[in-house]
Each structure stands twice: as C-alpha cells, then as structure tokens.
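What follows is one structure encoded as structure tokens, with my remarks underneath.
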Amino acid sequence: MAFSVVMPALEMAQETGKLIAWRKKEGDRVSKGEPLLEIETDKAVVEVEAPADGVLAGIKASEGMDIPVGQTIAWIVAPGETAPVEAQTNAPAARAGSHSATQPTTPAPQHAPTSSQPSTSAPKISPKARRLAKERGVDLATISGSGSGGEILASDIEAAAAAPVVTPAASAQKGSPAIEVPTSLGRIMAERTTQSWTTVPHFFVTRDIDATALNGYRDRIAEEIERTHKVRITHTDLLISLVSRVLLKHPRLNASWSPEGIRVHTHVNMGVAIAVNDGVVAGVIHNAHAASLVEISTQRREVAERARAGKLRPADIADATFTISNLGMYQVDQFSAIITPPQAAILALGRIAERVVAVEGKPAVRSMITLTVSCDHRVADGARAAMFLSDLVEAMRTPEKFLE
C-alpha cells in the first residue's frame, strides 16, 4: 500500500510551505518516524517525519520550491511497488522560491540551453556541510566548493561563516560598516514581527507581583521531583502550569483573531519563546492546562533541545493558543512582547529579584516579578487583561491550590 507524503499545515493561516531539503533520495529505504525532509513555514524550519516504512518514490518537488499545503510531493511504497499513476501525472503546483539558498537535488525536466544562457549542473554538497550551512545561516548560493568536482565541504561553510558579509555598495567604500545578511530564521522573524506590529492593535497591562510564595513552593517540591523523576522544575515550568490553568477562566485571552471573528479555544497549547543562535522560535506544549509539572518540564526541555539543534518537528511549533516569553534569566526586569498572530495575547516575564516594597504601611524586602501582558484589542480589552492578571496573582500566592 502506498502512503502519500504531503506538505503539512503547521498553522491556521498557512497556505504554502517551502521545501528546504530532502533527507532521503528517490529509491531510498525509509522507516516510519525518521526525518524525511525539512520545510520552512512562517515560524521556523522544521523536520517532517516519514509517515510509514517503505521506499521513497515519485518525488515531485525539489528543494527551494513553495508548495501548497495538502499537496502530495512524494510517496512511500512497498519494495518493488511503483508510485501511484496520479502522482506521476498530477504533480503538485509548486513554484520556485525567489530566495532559495539551495539547488534542486531531485530530477528536474531538462531544457535546451539558449546561446546566451548555457546549461549548468547543480553543485554537490556534503550532508555535513548542508547541516552546518543551516546552523550558521550561510547562503549556499554564494559558496564555491573546494572539494572534488566543486563539491561544497564543511570547511567551505566554516570559512564563509567566519568571513564578514558586506553588500557590494558597502565594500566599495572604505570604512563603511558591514551589513549582515539575515538568516532564514532571521528573515522569518522580521516578517512576522513587522506583520504583527503593523496589523494587530496592541495594548499592554503591567503588574508587579510578590513571588515569595512561588519561590517557596518550588523549593518545597523541586528536590523531591528531581530525585524521583530526574527532572528539574524551573520557575518557567511553574508559570506555564499556573498561566495555563488561569487562562481557562479567561477565554478571550486564550483566543485567536480571524476574518470570520473571534475563535475561542477550550484547551491551552502554551507557546514558549526559545532563544536559538539566530533568533527566537516558539515551542509548543500541547494541552498544558491538563499536564503535570513533570510533563511540562520534560516537554519544554525536549522542544528547546530540538530547537537549538535545528531539529524541530511540525508538532513542536503548531497550534499555540497563548505564548509566554521569559527574559528573567538575562536579568531583565520588565519588557513588552509582540503578539504572535493569530493568538490574542502574550505574557512577558521579567526576573524575580528582591525589592523594597510597602507591606502593611512599612518597608519590607520581597521577591518581586513584573508581568506584562500584550493583548490584541480586537479580541480583549483592558478590563479582561486586568482580571486575568488578578487571577494569576492569586494563583502565584497559593500555587498548591492550582497544582496539587
């Protein structure tokens, strides 16, 4: 039986995905669950796993193409079986990307060269060099390979990554600053944040919260959980759990804006901003409102490891309904985050630090944290945001009532 390999939809408004690289080639044996290809969406570059065991056949899309969601781009068949006829006669309506950094590795129709455009062959590149180029943000189209037959080697990528990148105009002027060419992830971030900031009516509500009880609760449970489950519970894990449960009482902050209206979610898929080498991605903890602290911590750590290794899976970034961004580990006291459409809100966390505050009319030292919620004014208003923060304050004062 043949299994189709289709361009997946990883977000609500996604219409196409860009094929970055095939991990297998035509005729290779594949196992269910192993990485098959890499695609780029509006959020990140992710790995797509093989849907079944078998042989990869009927490849109809080359690296660098933008492909409509849902279209078949290849098949996985049994040994000796051929790809279905419709896969060979009805190729996906893919179009070449305007800024592709790689050359197609699958067979493509050959056209006779014109007198002014001689035909050229695609340069070879070692698998290690391809992965290194992705990690370092090196544009393969700018590299001349030093290997046999012009093959691009890992050493070529290292050299290109170490060299300063300048535009022709800048290089012609002595003393002009170098202009850094954004990586794929950097370009995605620039496009997404610009779209959000210019199309979503943001407003912000900030509150300082006493985190003394939260610290005490973590100190009380962390040692036992680490001993029994080999998992380290962080403040981020605690806040993911508390925020997820509080959001169930505030559906307008756990909602999405769409042309049809406001889509209110009955579950909480918590996005968590993760810093990687060339930007930020939002890993997703699905059904966080029903997950235990151990499950949340384990998922968060695994997604973060895959993000930093460039091995994100489609589920790792799909269907977030709310996002938390924590810069406390960088000693940031307070900041405002930009909403990730179509989500209606994002919560920014500063560091927990001792401050002198008034307690019953007298100065006292308390462990304080500043929370800022950014909201889409089309979905929520200031009163809703304030009530959400009020309930979150109560949850942080008595975390055991919510988590045990």
### Task
Please compute the net charge surrounding Val365, taking Lys and Arg as +1 and Asp and Glu as -1 over other residues with Cβ under 10 Å from its Cβ.
+1
### Message
7 Å from Cα along Cα→Cβ at both Thr198 and Glu15: what's the point-to-point distance in nm?
### Response
1.7
### Task
For the range 187-403, just run the numbers: alpha carbon Rg, then divide by 2.2 N^0.38 Å, N being how many residues it has.
1.00
### Coarse-grained scattering of the range 186-250 at q = 0.30 Å⁻¹, given as base-10 log I(q)/I(0) from a Debye sum over alpha-carbon atoms
-1.21
### Message
Please report the antiparallel percentage of DSSP beta bridges with both residues in the range 277-404, rounded to the nearest 5.
### Response
75
#### Entry: Net +/- balance of residues flanking Thr266 in space, Cβ distance below 14 Å, scoring K and R +1, D and E -1
+3
## Note on the structure
Arg301 and Asp53 label points (each 7 Å along its Cα→Cβ direction) are spaced in nm at 3.2
### Message
So if each residue of separation counts as 0.36 nm, and I subtract the Cα-Cα distance between Glu180 and Val280, what length gain in nm does that give?
### Response
34.3 nm
## Note on the structure
By Cβ neighbour count within 10 Å, fewest first, Trp22, Trp257 rank Trp257, Trp22
### Members of Lys24/Lys124; Lys249/Lys401; Lys32/Lys230 lying beyond 20 Å, as alpha-carbon distances in this model show
Lys32/Lys230
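Taken together, the values in this text are just the output of simple stated rules run on the coordinates, not laboratory data. Note that this is a predicted model, so its numbers are computed, not measured. Here Cβ is always computed from backbone atoms with ideal geometry, including for glycine, and neighbour counts include all displayed protein chains.
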